[in-house]
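Heads up, the thing below is written out as structure tokens.
The values are calculated or read from the model by the stated rules, or taken from the named source; none is laboratory data. Predicted, not measured: the structure shown is a model, and the values here were computed from it. Every residue, glycine as well, gets a Cβ built from its backbone with ideal geometry; the counts of neighbours run over all protein chains shown. Side chains are part of the model used for accessible areas, which takes the heavy atoms of the whole protein and leaves out ligands, DNA and RNA. Shrake-Rupley method; radii C 1.70, N 1.55, O 1.52, S 1.80 Å.
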Amino acid sequence: MSTATPRTIGIVLFDDVEELDAVGPYEVLAYWTRQFPEDGYAVTCLSRDGRPVTAAKGFVLGAHTSFADADRLDVLLHPGGSGTRPLLRDPDHLDLVRSWSAAATLTTSVCTGSLVLAAAGLLKGRPATTHHGCLDELAALDDSIDVRPRQRFVDDGDVITSAGVSAGIDMALHLVARLAGPERARATRHGIQYDPEPPV
């Protein structure tokens, strides 16, 4: 087991975040990091003031720390939801996202979290995706973005974006594969029993 300080994966929480955008990746990443601590990663959730947030459908999500008190993030994960719209016009938040991203090895988003990355200028000239209902909005934010409407997630090296809501689970499993290898990702998928067979 590694005795080094774990590298931090930070999930950004805010009011009206889409529940599964945050909780789906958290389940994947928390299972992986707790079952395999020797891989050297830990996952944490951060909110502006360190207090709980009320998500888009009323679920209250707790944060581990505040934005100001968070350790350096090796991986940034920005979820989406209706709460992203005010953030697109929040210069302080966009500055924070730029700062986190500059220090991180990987910047990732789920659903309309990619709109925030676009507003921060982090998707300029890159391929990216978002929720299927917001593809035009992503393109309007920055017409240099190569919008990929049919991909579940888009890996562009140091930036990974995913499509809507449940696609964040797939993106998080891909993230595990990138950081610790496909065997770890398969073990995590098996552990959380993620094997979608929709009944409809």
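Accessible surface computed residue by residue for the range 110-188, with neighbouring protein chains in place and a 1.4 Å probe, gives 40 Å² per residue.
Quick one: length gained pulling residue 195 to residue 35 fully straight, 0.36 nm per residue minus the C-alpha distance? Intermediate values should be presented prior to the final figure.
Values: separation 160, 0.36 × 160 = 57.60 nm, distance 1.93 nm.
Answer, rounded to one decimal: 55.7 nm.
Taking the protein heavy atoms of the range 113-200 in the context of the full set of protein chains, the accessible area attributed to carbon and sulfur is 50 percent at 1.4 Å.
Taking amide hydrogens as placed 1.01 Å from N in the peptide plane, the amide H of residue 126 sits under 5 Å from those of 146, each at least 5 positions away in sequence or on another chain. Compared with the direct C-alpha span, the chain from residue 105 to residue 66 gains 12.0 nm at full extension, assuming 0.36 nm per residue.
What's the ranking of 91-99, 154-162 by average number of surrounding C-beta atoms within 10 Å, highest first? Don't skip to the end; give the middle numbers.
Working: 91-99: 15.8, 154-162: 20.9.
Output ranking for 91-99, 154-162: 154-162, 91-99.
Please report, as a whole percent, how much of the solvent-accessible surface of the range 63-105 comes from carbon and sulfur atoms (probe radius 1.4 Å). Roughly 49 percent of what the probe reaches on the range 63-105 is carbon or sulfur.
Could you tell me the center-to-center distance, by alpha carbons, between the range 97-143 and the range 163-193 in angstrom? Centre-to-centre (Cα) distance: 20 Å. Looking at the chain, the DSSP beta bridges with both ends there are about 20 percent antiparallel. Rolling a 1.4 Å probe over the heavy atoms of the protein chains gives the range 17-79 an accessible area of 45 Å² per residue.
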